[in-house]
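*Asks:* What follows is a structure written as structure tokens; I'll ask about it next.
A short reminder: the numbers here are calculations on the coordinates, not readings from a lab. Here the structure is a predicted model, which means the values were calculated and not measured. Using ideal geometry, Cβ is built from the backbone for each residue, glycine included, and neighbour counts are taken over all protein chains shown.
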Amino acid sequence: MQFIYAGTLCFMLGLWLGLQPAAAFVWWPLLLGAAAAALTVGVLLPDGWRRGLCVCLSLLLLGLGNGCRVELSTAQQLEQLWGRQAVAYGRLEPLSLRQGDGYQSFILQCEQLRLGTEVRHYRGRLRVGVRQEAALPECGNLALAGQLEPLNGFRNPGGFDSEQYNRVNNFGGRLKNARVLAVQEEAGWRDKLELLNLRLCRRLEQGAGGEAGAVLGGMLLGGSGRLDDETREVFIANGLAHLLSVSGTHLVLLASLLSALLRPLPLKWRRLLLALLLCAYAALCGGRPPVLRALLMSTVVLFGGAGAERGRLLCLTAMSLLLFKPVWLADIGFQLSFVAAAGLVWLLPACRRCLPAWLPAVISEGAAVTLAAQLGVLPFIVGYFHQLSVISLVSNIVLVPVLELAALLGLAGCTLPLGDYLLAAAGFLVRQVLAQGAWLSCLPGSVLTLGALPLWCAVIYYALVAVWADWPCLQFLHNWERRCLMAVCVLLLGCALLWQQYGPRPLTAYFLDVGQGDCVVLVTPSRKVVLYDTGGLASLDTGGKIAAPFLRSLGITSVDVLLLSHYDFDHAGGAAGLLRQLPVKEIVLPKEQLTEASAAIRQKIIAAAGESKISLAGQGRSWQFENILLRVSVPTETIAGNEASTLAEIFSPYGSLLLTGDMGEEREQTLTLGRYTVLKAGHHGSKYSSSAEFLQQVQPLVTVISCGRGNRYGHPHEETMERLRAAGSRVLRTDAMGCIKIEFAEELRCWAYDGKAFRRLQDNNF
């Protein structure tokens, strides 16, 4: 059993390799047979390093074979059916039902698909939107007719990995333009649990009021979908996001704090009460797989014995869960559950030792638990969100007890006769926490943006933590050796951070994938940032959910110039969301005749601007960044619409770039331009933009078209593509390639983001 830790790492490595797209599904029986053979050899060998090596090899092969046996995802099973009409039969998930003005959306747990006379057994989840006046039942079985469509995500660094999320959560696609054919109102045990969850959420929102009720619903019942973006940002900035997610982080911390509060009770009764409380929590959260998984992880931490015994049991539990569901390895909930639990197992004693002895027991235990969990999950938090909350320890110590008290009051308020008073008190406490959290998050230096760091930084970090915690396996090191190792680790991490912030790089243009919209990020060699448009979608805040996370992945904490071409929502709709998350030194608004819609967008931008300088685009305005020149041009007359787009020209020693907004042929005919290395095509590649005469003037080597996959406008138009090909320009498209990166150096280098990393485009890739 002494090799269980190394074996667990080998198993996860093998599983990760097996889950890669290149892994062959047909090889898994052979790999599992080889794993059994290696394990047999290990058992026959005498105890020692040879046995351990065989055990690790066996677990590596077991993980590899387990990953290779994973079938095609539910989305891949539907690839041949996109665009076809189908009838779907399945169960409505009560917690997913959302109702609007004549529009209802929900998730269907599909069991069967009928395509004409063909019937397919299909077990996956479909997102469904229905336009009808009749209200749907809260639960039951449905038959729906509609068009099968893929769930298109956005491929940008630092952004939400929708493809991975859909695979882990078994989402296959969407049923577009659906209509209900039949309804059978039946409530199974799972439906009853989810309906109880839904009614308790509504009770909390009514009793506690507004956003406070939504926070309590997220804490108690695991659903944070009703939270405002501002509230979510406060929790993230204070390192409290684990309280709003259905992950082991919440359960482990909650259970550990409850254990400290119940310490006066005998051990037997304390464990029994904790087990009952955790099971009740899981039931209230609907008994969904993520909750049950987190419950199992936290149970290991609480009842798995002490020291090495508990660590080995945690490793065996993680491997058992991954054998049951291999794709959980890619789930952030599983990762945080396991790593937070591991932090409590292996780092809690060291955290207890480093805290002052004069602290009260409850505060000391809470601080130690928080610190151990935070130290464990830190590389994952930085890896996913590219930020480090400096105030998280203080926030967790000060605010978490108040939130837990509010949660207890909320739980009691849902069940006791005088619950309204208890819910009102819980709502008051939550509002105080939100106010104090907002104040703490505004303190200078409260949140550090680190950017996307290489994987070896995480390895060095965990080595540093292991030496600091004085793990038993490192007892052979002398004190001076430990100090030297820690100093080397700190030095390497510091160098990585300095390189991230100040390393040399050429002028780089990023064309973000924002769907049917435009968003261009320019980063100069001295880290000056110019943002041209922010995109805008009715269903997604592109500024806050795409542009801001992308900038944080580059280690960027502010924008020097935000330049908006015009007020169309697909160009300026995300500006307010961006301004709420990142400071902008100067906002350059378009010179455009306002309509009712554009005036509303302009007002939202001004309201969110804060201390940003606001100016109006003017003919010939320019900005100089070292040897980089940014110049804008506007129409001579104030007009409305696409032709009012502000043009931006960027000149550097190694090339030039022309950004055209939604400019069409009418405006193009009035311009006299020179040649440009790169052109951002006007109006998403519309038929009425990028005329032959215009292309004859600018003669771009590369043309970038920003448009949405499967957009209803048919962009880019085939005639436009023909004109670009005739002009000899290489065409790059965000709908097909994701985020596009162009470096202006001695050699023009182009990259496309495939959802995981940038890949270099050679001439034959254009």
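*Asks:* How many nm separate the modelled label positions at Tyr103 and Val180, each set 7 Å beyond the Cα in the direction of the Cβ?
*Replies:* 1.8 nm
*Asks:* Relative contact order of the range 485-525, please, whole-number percent, based on alpha carbon pairs below 8 angstrom and at least 6 residues apart.
*Replies:* Averaging sequence separation for qualifying contacts and normalising by length gives 31 percent for the range 485-525.
*Asks:* For an R0 of 45 angstrom, estimate the FRET efficiency from the Cβ-Cβ distance between Ala726 and Glu118 and round to the nearest 0.05.
*Replies:* Computed FRET efficiency for Ala726 and Glu118: 0.55.
*Asks:* In terms of Cα to Cα distance under 20 Å, which aspartates and glutamates are near enough to Lys325, apart from those fewer than 8 places away along the same chain?
*Replies:* Partners within reach: Glu71, Glu111, Asp161, Glu163.
*Asks:* Go ahead and collect, in residue order, the members of the range 504-521 whose backbone nitrogen is under 18 Å from a label point 7 Å along the Cα-Cβ direction of Ala736.
*Replies:* 511-517
*Asks:* Enter the Cα centre distance for the pair the range 668-690 and the range 627-642, rounded to the nearest angstrom.
*Replies:* About 13 Å separates the Cα centre of the range 668-690 from the one of the range 627-642.
*Asks:* Further question: Working from Cα positions, state the angle (0 to 90°, nearest 10) between the long axis of helix 392-415 and the longest principal axis of the chain.
*Replies:* 70 degrees
*Asks:* From the gyration tensor of the Cα coordinates in the range 642-766, what semi-axes in whole Å does the equivalent ellipsoid have, largest first, with each one equal to sqrt(5λ)?
*Replies:* 22, 18, 13
*Asks:* Sticking with this structure for a sec: Spin-label point model (7 Å from Cα, Cβ direction): what's the Arg712 to Ala187 distance in nm?
*Replies:* 3.7 nm
*Asks:* For the range 599-643, restrict the atom set to alpha-carbon positions and state the Rg and Dmax in Å.
*Replies:* Just the Cα atoms of the range 599-643 yield Rg and Dmax of 13.6, 37 Å.
*Asks:* In vacuo Debye scattering of the range 456-502, one point per C-alpha: log10 I(q)/I(0) at q = 0.19 Å⁻¹?
*Replies:* -0.59
*Asks:* Under a 5 Å amide H to amide H cut-off, with H placed in plane at 1.01 Å, what residues pair with Arg174 once short-range neighbours are removed?
*Replies:* Amide H neighbours of Arg174, under 5 Å, 5+ apart: Arg127, Glu149, Leu151.
*Asks:* Moving on. Ratio of the range 507-765's C-alpha Rg to 2.2 N^0.38 Å, to two decimals?
*Replies:* The value comes to 0.92.
*Asks:* Per 0.36 nm of contour for each residue apart, how much would the distance between Asp754 and Glu719 grow if the chain were fully extended, relative to their Cα-Cα spacing?
*Replies:* Between Asp754 and Glu719, full extension yields 9.9 nm more.
*Asks:* Same structure, new question: List, in the order given, every pair from Lys545/Lys585; Lys591/Lys687; Lys687/Lys756; Lys176/Lys545; Lys545/Lys613; Lys192/Lys756 whose Cα-Cα distance in the structure shown is over 29 Å.
*Replies:* Lys687/Lys756; Lys192/Lys756
*Asks:* For every helix of n ≥ 4 consecutive DSSP H residues, a contribution of -39,500 (n - 2.57) applies; sum these over the chain, divide by its total residues, and give [θ] at 222 nm rounded to the nearest 500 deg cm²/dmol.
*Replies:* Estimated from H runs of four or more residues: -14500 deg cm²/dmol.
*Asks:* Compute the helix-to-body angle for 189-208: its Cα long axis versus the longest principal axis of the chain, expressed 0 to 90° and rounded to tens.
*Replies:* 70 degrees
*Asks:* Mind ordering 123-131, 594-602, 425-433 by average Cβ neighbours within 10 Å, highest first?
*Replies:* My ranking of the peptides, most packed first, is 425-433, 123-131, 594-602.
*Asks:* Calculate the length of the line joining the C-alpha centroid of the range 386-416 to that of the range 128-184, in whole Å.
*Replies:* One Cα centre to the other: 33 Å.
*Asks:* Two decimals is fine: what is log10 I(q)/I(0) at q = 0.14, 0.15, 0.16, 0.24 Å⁻¹ for the range 390-461, from a Debye sum with one equal scatterer on every Cα and no solvent?
*Replies:* -0.60, -0.65, -0.69, -0.99
*Asks:* Rounded to the nearest 0.05, what FRET efficiency is calculated for Leu616 and Ile639 with R0 set to 25 Å and r the Cβ-Cβ distance?
*Replies:* Approximately 0.95, to the nearest 0.05.
*Asks:* Taking only Cα atoms, what is the 0 to 90° angle, nearest 10, from helix 308-324's long axis to the longest principal axis of the chain?
*Replies:* Approximately 50 degrees, to the nearest ten.
*Asks:* Using only alpha carbon pairs under 8 Å that are at least six residues apart, calculate the relative contact order of the chain and give it in whole percent.
*Replies:* With pairs under 8 Å counted, the relative contact order is 8 percent.
*Asks:* Calculate the all-directions average of the projected area of the range 74-187's alpha-carbon convex hull, and give it in nm².
*Replies:* Taking the Cα atoms of the range 74-187, their convex hull projects to 7.6 nm² on average.
*Asks:* What fraction, in whole percent, of alpha-carbon pairs in the range 515-595 exceed 15 Å separation?
*Replies:* 51 percent
*Asks:* Figure the gain on full extension for Arg631 and Ala597 (residue separation times 0.36 nm, minus the Cα-Cα span) and round it to one decimal in nm.
*Replies:* 9.5 nm is the gain from fully extending Arg631 to Ala597.
*Asks:* Among (i) 98, 71, 54; (ii) 91, 64, 50; (iii) 85, 70, 58, which one is Cα extents along the principal axes in Å computed from these coordinates?
*Replies:* So the structure-derived entry is (iii).
*Asks:* Need one number: convex hull volume per residue for the range 424-495, Cα atoms only, in Å³.
*Replies:* Residue-normalised Cα hull volume stands at 172 Å³.
*Asks:* How much space per residue, in cubic angstrom, does the convex hull of the C-alpha atoms of the range 563-676 take up?
*Replies:* Hull volume normalised by residue count: 110 Å³.
*Asks:* Where in the range 519-557 does the label zone of Leu498 land, with the point 7 angstrom along Cα→C-beta and an amide N cut-off under 14 Å?
*Replies:* Flagged as within label range: none.
*Asks:* Set the Förster distance to 60 Å, then compute FRET efficiency between Arg84 and Glu481 from the Cβ-Cβ distance, nearest 0.05.
*Replies:* Plugging the Cβ-Cβ distance into 1/(1 + (r/R0)^6) gives 0.35.
*Asks:* Which percent, to the nearest 5, of DSSP beta bridges fully inside the chain are antiparallel?
*Replies:* 75 percent
*Asks:* What ranking do 622-630, 686-694 get when scored by the average of other Cβ atoms within 10 Å per residue, highest first?
*Replies:* Highest-to-lowest ranking by the protection proxy: 686-694, 622-630.
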